[in-house]
Amino acid sequence: MSIFKPHQSALPLIAFAALMVTSPLAGCKRVPDVDADRPETARAYPPASRPVSDLAGNQWSTETARDKVGEAEEIMAAAGLKPGMTVADIGAGEGYYTVRLADRVGEDGRVLAQDIDEEAIKRLADRVARDTLDNVSIKLGAPDDPRLPENSFDRVFLVHMYHEVREPYAFLSRLRPAIREDQNGGSYDGGEVIVVDVDRPFSQHGIRPKQLFCEFEAVGYQLIGYMERPELGGYFARFRPLGKAPLPGKIKPCELEQ
């Protein structure tokens with residue numbers, strides 16, 4: 001049996017051919033995965049087209065200072081909150097709104113306080129037990145999913161927390177089913193989402209109102225009320241679901257509002 005051995009003059013040609021095959025591979029750069037840092041549960045939805053504020057902590061102001069300007073009382077009145085309603089306090093933190101919502105809805109109403117911070121949830125649970133707030137429940141949420149029961153809430157409060165939501169389109173889409181459905185068919189009597197935030201850049205823990213409006217609209221919400229109240233710590237906006245929710249792949253992300 002003979003073994004083929006290339007002629008000495010053919011070796012440079014073989015080396016050249018091998019170089020031609022391997023050099024393009026050596027020059028390839030890996031395409032970055034835009035979803036690499038996103039939770040898998042959110043990847044069906046568009047990513048945020050804006051920066052996201054870092055978590056600012058839950059004790060951004062003393063409760064006494066907030067009560068002196070009547071913050072909670074005015075926000076609850078503007079939201080049309082009434083005894084007997086069922087409400088959710090998303091990003092409840094230390095419970096400033098939770099305890100005041102519980103008092104406003106009364107013993108016939110219900111409050112679900114939710115946060116993604118386990119330590120904050122533990123402290124809030126201690127406060128609820130200490131104050132004997134029998135109409136309050138505590139729940140741990142996820143960054144892209146508030147994990148609320150369906151068709152349950154007359155009002156959902158997002159107070160000074162929406163600018164920290166890292167997956168706005170997934171979050172708002174999964175919030176929609178929790179809002180109580182309209183039963184009247186004429187004058188709307190369904191649930192609403194209440195947002196309180198600040199008109200300033202994300203780096204300063206705020207969100208421009210136009211950016212907020214666009215993101216809610218992209219997921220099928222309608223703006224039904226807005227007021228600027230700097231003395232209360234920002235602005236106030238009310239939304240309600242409109243029509244059918246768009247499928248994740250049909251959501252058009254908003255451009256960044258400067």
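The values are calculated or read from the model by the stated rules, or taken from the named source; none is laboratory data. Note that the structure is predicted; figures quoted are calculated from it, not measured. When we count neighbours, we look across all protein chains shown, and the Cβ atoms used for this are built from the backbone with ideal geometry, even at glycine. Quick note on the areas: whole protein, heavy atoms, side chains included, nothing else; ligands and nucleic acids left out. Shrake-Rupley method; radii C 1.70, N 1.55, O 1.52, S 1.80 Å.
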Looking only at region 132-147, count how many residues are of a type outside the set (A, V, I, L, M) and more than 22 Å from the chain's Cα centre (by Cα).
3
Gly190 is checked against (1) in a helix (DSSP H, G or I); (2) touching a residue at least 24 places away in the same chain (Cβ under 8 Å) and fails just one. What number does that condition carry?
(1)
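I'd like to know if region 233-253 contains one or more residues that are among the hydroxyl-bearing types (Ser, Thr, Tyr), under 28 Å from Pro39 (Cβ atoms) and assigned to a strand (DSSP E or B). Quick ask: steps written out before the conclusion?
From region 233-253, those among the hydroxyl-bearing types (Ser, Thr, Tyr) are 235; that's our starting set.
Okay, now just the ones that are also under 28 Å from Pro39 (Cβ atoms), so none.
No, region 233-253 contains no residue that is among the hydroxyl-bearing types (Ser, Thr, Tyr), under 28 Å from Pro39 (Cβ atoms) and assigned to a strand (DSSP E or B).
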Kindly indicate whether any position in region 230-242 is surrounded by fewer than 15 Cβ atoms within 10 Å (Cβ to Cβ) and either farther than 20 Å from Asp189 by Cβ or in contact (Cβ under 8 Å) with a residue 60 or more places away in the chain (or both).
yes
Residues (open to solvent by 60 Å² or more (accessible area, probe 1.4 Å), outside any loop (DSSP other than H, G, I, E, B) and under 21 Å from Ala78 (Cα atoms)) located in region 193-211:
Lys210
Filtering region 212-229 down to residues that are of a type outside the set (A, V, I, L, M, F, W, C), in contact (Cβ under 8 Å) with a residue 24 or more places away in the chain and surrounded by fewer than 20 Cβ atoms within 10 Å (Cβ to Cβ) yields Gly220, Gly225, Glu228, Arg229
Just to check your reading of the model, which residue among Arg180, Arg147 is of a type in the set (D, E, K, R) and under 22 Å from Gly93 (Cβ atoms)?
Arg147
Given the conditions (1) in contact with a Leu (Cβ under 7 Å, 6 or more places away or on another chain); (2) crowded, with 22+ Cβ neighbours inside 10 Å; (3) more than 28 Å from Glu231 (Cα to Cα), every one holds for Ala88 apart from (3)
Candidate set from region 93-125 (those that are open to solvent by 10 Å² or more (accessible area, probe 1.4 Å), within 20 Å of the chain's Cα centre (by Cα) and of a type in the set (A, V, I, L, M)); member that is nearest to Ile179 (Cα to Cα):
Leu112
Among the numbered criteria (1) touching a residue at least 60 places away in the same chain (Cβ under 8 Å); (2) farther than 23 Å from Ser49 by Cα; (3) of a type in the set (Phe, Trp, Tyr), which single criterion is violated by Tyr169?
(2)
Has region 126-139 got any residue that is within 14 Å of Ala92 (Cβ to Cβ), touching a His at 6+ places or on another chain (Cβ under 7 Å) and outside any helix (DSSP H, G or I)?
no
Restricting attention to region 106-122, the residues that are assigned to a helix (DSSP H, G or I) and closer than 22 Å to Tyr162 by Cβ number exactly 4
